[in-house]
Amino acid sequence: MSPKARSVKAETRRAFDVEAYLESTSPARKIVHYRPGEVVFSQGDAAADIRYLQKGAIKLSVLSQIGKEAVVAMLGPGDFFGEGVLAGQLIRIGTATAITASSVLIIDKETVVGLLRDEPTFSSRFISYMLERNIRIEADLVDQLFNSSEKRLARTLLLMARYGESNPQRVLPKISQETLAEMIGATRTRVNFFMNKFRKLGFIEYNGGLKVNSSLLTVVLHD
């Protein structure tokens, strides 16, 4: 048995605290801090671990062969990413970039595989997260196919604010209108128009940051 495997086995003998595990370090995992704008990993990098965002905000993007970038997700505290390695992914298929100062836990693949196999609490947490994200991806697709750019922008802002979750994040990290435009498939001009409209209606506020009010939900629900 390898040293890493023995380390995992020793840890799982004790009552397992998932939150404590995801906030601490060991030989099989480390915490790395990133400045705003710093790349966490790049598209094409070798993939050998899974990441967990402890605090901050991270943008996931993909670059096409003709050099066009598309933002595919905005991550917040409590999100896993880079999990494709568990399905045999050898290289990163996208780029992860810190939007704000961020702390990321890096867990090697072997350790995660051992935890998923031996620790039901961790396995339940990880699988629940992946299922929730799969549901969100399906909803994103429906959103892109059937909703207007105004509704897509409102839904994106609400998702970033984690509306409906136990710990909503009403004040969002700094994000450019260009990035929002990439996320919803619209132009920056359209995003600017709708952001001004939302502000005038009191759905969002600018006060040292972008504050999203729950009233923005009316845009999403309106037919």
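The values are calculated or read from the model by the stated rules, or taken from the named source; none is laboratory data. All of these numbers come straight from a predicted model, not from anything done at the bench. No Cβ is skipped: glycine too gets one built from the backbone with ideal geometry, and neighbour counts run over all protein chains shown. In case anyone asks, the SASA skips ligands and DNA or RNA and just uses the protein heavy atoms, side chains included. Shrake-Rupley method; radii C 1.70, N 1.55, O 1.52, S 1.80 Å.
Points to keep in mind about this one:
- Filter result (open to solvent by 40 Å² or more (accessible area, probe 1.4 Å) and among the charged types (D, E, K, R)) within segment 48-98: LYS55, LYS68, GLU69
- Looking across segment 73-92, the residues that are in contact with a helix residue (DSSP H, G or I) (Cβ under 8 Å, 6 or more places away or on another chain) and part of a strand (DSSP E or B) come down to MET74, PHE80.
- Subset tally (residues that are out of contact with any Asp or Glu (no Cβ under 9 Å at 6 or more places or on another chain) and among the acidic types (Asp, Glu)) for segment 46-101: 2
- Segment 199-223, residues that are part of a helix (DSSP H, G or I), of a type in the set (A, V, I, L, M, F, W, C) and either surrounded by fewer than 14 Cβ atoms within 10 Å (Cβ to Cβ) or more than 24 Å from the chain's Cα centre (by Cα) (or both): LEU221
- Residues that are under 23 Å from GLY164 (Cβ atoms) and out of contact with any Lys or Arg (no Cβ under 6 Å at 6 or more places or on another chain) within segment 180-190 comprise LEU180, MET183, listed in sequence order.
- Unique match (being within 28 Å of ALA181 (Cβ to Cβ), of a type outside the set (Asp, Glu) and touching a Phe, Trp or Tyr at 6+ places or on another chain (Cβ under 7 Å)) among LEU115, LEU158, LEU141, LEU153: LEU153
- In summary, helices (runs of 4 or more DSSP H) completely within segment 118-193 and bearing 3 or more residues that are surrounded by fewer than 15 Cβ atoms within 10 Å (Cβ to Cβ) occur at 120-146.
- Qualifying residue in segment 23-38 (condition: surrounded by 15 or more Cβ atoms within 10 Å (Cβ to Cβ), more than 30 Å from ALA186 (Cα to Cα) and in contact with a His (Cβ under 7 Å, 6 or more places away or on another chain)): no
- Failed criterion for TYR34 (all others in (1) under 23 Å from VAL71 (Cβ atoms); (2) at pLDDT below 95 hold): (2)
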